[in-house]
Amino acid sequence: MPGGRNGGRAGGRAGGRAAEPSLGRAFELEADEGSVEDAFGDRTDIDRTRAFVKIQDGCSFHCTYCIIPRARGPARSIAADAVLAEVRRAMAASHREMVLTGINAGTYDGGPAGEGAAAGLSLAGLVRRILAETEVERIRLSSIEPQHVTAELLDVWTGSGGRCLPHFHIPLESGDDTILRRMGRRYDAAFYGELVARVRRAIPGVAVHADVIAGFPGEDDAAWARTMAFLRVLDLAGVHVFRYSARARDACGANGRAGGWADEEAASGRSADARGGGAAAVRGTASRPRAAGVVRAAAPRRTVAGPRGEPRPGGGGAEGWPAVGERDRPGSR
């Protein structure tokens, strides 16, 4: 989500690497003079066989729960040649898989729907260049908005000879159209459902993960029931659940567009329901037979912020932070 959602969120993993800059540092970077690339710092984050290569930062979408446009600035992209240099550097360090990350990676170089900018290379074009100009074995995206999973991008995936992995993390947030409109999302449930079906037709055996926010302002029991029913129909490989937190009231609610704060107890209960469904989805995916020639693609480990902002390994571990679980939603992806 500009959701998970997560692109550019890989900084700060365990193992001695520095945490992602604070909001204050982000504002400072925005004020610095110099090239766009200067603001990204060390753009490649290494995690054993995977390298997380940052291709984009910032967002211009202004979802009502999110402070990223204010905290990280508008969407901006790293030049393709610089991205390719980072990929080659990671390959020289014996890393075989590149995870392309960004706050809103689908807007890379202006499009699609690049806030009125003329479309440049595009995310699909960038991946084509990486495939053509390097010998990297595996590529995946950290997260991509539903409206950015284009026919061109799927063509790149299906034409990659298996180098682009059959895994997409596509934020959903809610299965209720009224709540999606309140969130300022740019699709409805029908669009999302059709997209998942289209991705599965194009890439047999693909694993699709999603984000869901539980307890968003204005979400009543009926709206949440529609979300849960939609998740069951989608039959996803996994769901990352975010409980809309009271901490977001100052950070995100000031714009006044959401309105009607959710009951904390109800939000916690809904989050638990979705976590249970997400865990069942993971077990179901793991038990399915693989299609011939399909490599099962596990979701990459990430660090996520704990309840007090401390880093937590996103791939499972202590203190109730499983691979698919609840994260408070303090108004950031």
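We did not get these values from a lab; they are worked out from the coordinates using the rules stated. If you're wondering where the values come from, they're calculated on a predicted model, not measured in any experiment. Methodologically, a virtual Cβ is constructed for each residue, glycine included, from the backbone with ideal geometry; neighbour enumeration extends over all protein chains shown.
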Roughly how many Å is it from the Cα centre of segment 126-194 to that of segment 47-72, as a whole number?
15 Å
For Asp188 and Arg96 in one chain, what is 0.36 nm times their gap in residues minus the Cα-Cα distance, to one decimal in nm?
29.5 nm
Debye log10 I(q)/I(0) at q = 0.11, 0.17 Å⁻¹ for segment 79-203, Cα point scatterers
-0.40, -0.91
Say each of Asp220 and His62 gets a label point 7 Å from the Cα, pointing the same way as Cα to Cβ; how far apart are those two points in nm?
2.9 nm
Mind listing the long-range amide H neighbours of Ala51? Cut-off is under 5 Å, sequence gap 5 or more, other chains count too, H placed in the peptide plane at 1.01 Å from N.
Glu97, Met98, Val99
Can you compute 3J(HN,Hα) from phi for each residue in segment 74-83, using the Karplus curve 6.51 cos²θ - 1.76 cosθ + 1.60 with θ = phi - 60°, rounded to whole Hz and x for Gly and Pro?
x, 4, 8, 10, 7, 4, 4, 4, 5, 4
Highest mean first, how do 139-149, 267-277 rank when packing is the count of other Cβ atoms within 10 Å averaged over residues?
139-149, 267-277
Set of segment 210-242 residues, backbone N closer than 20 Å to the point 7 Å along the Cα-Cβ line of Gln147:
210-213
Once you put a point 7 Å from the Cα of Arg89 and another 7 Å from the Cα of Arg48, both along the Cβ direction, what distance in nm separates them?
2.4 nm
